[in-house]
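Undergrad: The structure is given below, and queries will be raised subsequently.
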Amino acid sequence: MKTIYDFTVKDRKGKDVSLREYADEVVLIVNTATKCGFTPQYDELEKLYEKYRSQHFVILDFPCNQFGQQAPGTDDSIHEFCKLNFGTEFPRFKKVKVNGDDADPLFKYLQEQKGFAGWDMEHPIAHILDDMLSKEDPDYKEKNDIKWNFTKFLIDKRGMVVARFEPTEKIENIAAKIEELLK
């Protein structure tokens, strides 16, 4: 059975990193952007990382410029922005594409494992995204592709994808699921 451990990704300097390095850890994989309405989530993500990292939890950050060109700049400039503005310490990787024929294989796999989880319509940005995406594709909710920046995939200690969280998901719901997996 395939797991995330079957994939190798590039760190922000272009060096190959086997995801086997994260075996026996709970992993949250996130596609991010520095110029997005969800960018302040870096703050919440860093707090999660600080709270659980000593319990074998890690966040893997993959910048992506596919949604509104909201991750401009180089891998180094994105890294510096995140460190300076949000104090992030979790690993950041090379900018990737998450959708389409040239999507990173890891993200193709993640989408095969967990499809679109739906918006939390209480979030102020949810209606904007729903309206915009519905105009582009009335059936967008039926497809597994990643809809926007800050989509998160939660991986258990065996490398299996157990949950997908859309960017409108409340951080406390994500934290609760992380705590379940850390037990």
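The values are calculated or read from the model by the stated rules, or taken from the named source; none is laboratory data. As the structure is a computational prediction, the values presented were derived from the model and not from experiment. We place every Cβ from the backbone using ideal geometry, glycine too, and count neighbours over all the protein chains shown. Surface accessibility is based on the protein's heavy atoms, side chains included, excluding ligands, DNA and RNA. Shrake-Rupley method; radii C 1.70, N 1.55, O 1.52, S 1.80 Å.
Undergrad: I need a count of the residues in region 67-104 that are among the aliphatic types (A, V, I, L, M) and touching a Ser or Thr at 6+ places or on another chain (Cβ under 9 Å).
TA: Residues of region 67-104 among the aliphatic types (A, V, I, L, M): 71, 78, 84, 96, 98, 103.
From what is left, the residues that are touching a Ser or Thr at 6+ places or on another chain (Cβ under 9 Å) are 71, 78, 98.
So the answer is 3.
Undergrad: Being on the phi < 0 side of the Ramachandran plot, in contact with a Leu (Cβ under 7 Å, 6 or more places away or on another chain) and of a type outside the set (F, W, Y): is that true of I59 here? Quick ask: steps written out before the conclusion?
TA: Details: on the phi < 0 side of the Ramachandran plot: yes; in contact with a Leu (Cβ under 7 Å, 6 or more places away or on another chain): yes; of a type outside the set (F, W, Y): yes.
So I59 passes the test.
Undergrad: Hey, another quick one. Working only within region 69-94, note down all residues that are without any contact (Cβ under 8 Å) to a residue 60 or more places away in the chain and in contact with a Cys (Cβ under 7 Å, 6 or more places away or on another chain).
TA: Within region 69-94, just T88 meets the criteria.
Undergrad: Now, a different point. Could you tell me whether any residue of region 16-24 is without any contact (Cβ under 8 Å) to a residue 24 or more places away in the chain, assigned to a loop (DSSP other than H, G, I, E, B), surrounded by fewer than 20 Cβ atoms within 10 Å (Cβ to Cβ) and of a type in the set (S, T, Y)? Lay out the reasoning, then the answer.
TA: Going through region 16-24, the residues without any contact (Cβ under 8 Å) to a residue 24 or more places away in the chain turn out to be 16, 18, 20-21.
Then drop every residue that is not assigned to a loop (DSSP other than H, G, I, E, B), which leaves none.
Scanning region 16-24, I find no residue that is without any contact (Cβ under 8 Å) to a residue 24 or more places away in the chain, assigned to a loop (DSSP other than H, G, I, E, B), surrounded by fewer than 20 Cβ atoms within 10 Å (Cβ to Cβ) and of a type in the set (S, T, Y), so the answer is no.
Undergrad: Another question about this same structure. Whether any residue in region 130-151 is free of Cβ contacts under 8 Å to residues at least 40 places away in the same chain and of a type in the set (A, V, I, L, M, F, W, C) is what I want to check.
TA: Yes - at least one qualifying residue is present in region 130-151.
Undergrad: What's the total number of residues in region 25-49 that are small (G, A, S) and either touching a Phe, Trp or Tyr at 6+ places or on another chain (Cβ under 8 Å) or part of a strand (DSSP E or B) (or both)?
TA: Result for region 25-49: 1.
Undergrad: Applying the selection to region 159-183, what residues are touching a residue at least 60 places away in the same chain (Cβ under 8 Å) and open to solvent by less than 40 Å² (accessible area, probe 1.4 Å)?
TA: Correct list: G159, M160, V161, P167, I171, I174, A175, I178, L182.
Undergrad: Could you run through region 105-161 and say how many residues are more than 20 Å from I174 (Cβ to Cβ) and within 18 Å of the chain's Cα centre (by Cα)?
TA: Taking region 105-161 first, the residues more than 20 Å from I174 (Cβ to Cβ) are 105, 108-109, 112, 127-128, 130-143, 145.
Narrowing the set further to residues that are within 18 Å of the chain's Cα centre (by Cα) leaves 105, 108-109, 112, 143, 145.
Result for region 105-161: 6.
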